[in-house]
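Q: If you scroll down you'll find the structure; I have some questions about it.
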Amino acid sequence: MTRSRPFLLLVVAPLVFTALIGGIIFGSQALSSDSVDNDIKAAIAAELDLPDDAIELSYLQEVQYGYGICGLYQSESSERGAASFFYDTTNHRLTLDVNSRAYTSNCGLSVAC
């Protein structure tokens, strides 16, 4: 005598499991990018002796396969507008000098920077 497996076990359980794993993966990626943005703001604020909430980031672009981020920042007290930066996500190093080797080698051809 053969038994048929229930529909829940064969169809619904794999779909729920796949959706759960997908949610975990994409949810962690979304939280990770927010964390990097906060790290960049904190590094710029520490470099300029400003509070973290006084820094605004724009035109962020991942470079070097996600190991670096180029973009523009502006502080609330800035009168000159936005300035460029490069942030190394593996070493957590910030480069604000656009003439430095780290900036030109990673962001030199970038349109946003």
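Q: In region 38-85, which GluC sites (Glu not before Pro) fall in coil by DSSP and have 10 or fewer other Cβ atoms within 10 Å?
A: 76, 79
Q: Specify, per residue and in Å³, the volume enclosed by the convex hull of the alpha carbon atoms belonging to region 27-99.
A: In region 27-99, the Cα convex hull volume per residue is 94 Å³.
Q: Now for a separate question. First measure r as the distance between the Cβ atoms of residue 50 and residue 104, then evaluate 1/(1 + (r/R0)^6) with R0 = 30 Å and state the FRET efficiency to the nearest 0.05.
A: Using R0 = 30 Å, I get an efficiency of 0.70.
Q: Counting other Cβ atoms within 10 Å, which trypsin sites (Lys or Arg not before Pro) in region 63-113 have at most 13 and lie in a DSSP loop?
A: When the trypsin sites (Lys or Arg not before Pro) of region 63-113 are filtered for loop state and at most 13 Cβ neighbours within 10 Å, 80 remain.
Coordinate-derived values only; no laboratory data. The structure displayed is predicted, hence computed values, not measured ones. FYI the Cβ positions are ideal-geometry reconstructions off the backbone, even for glycines, and counts take in every protein chain you see.
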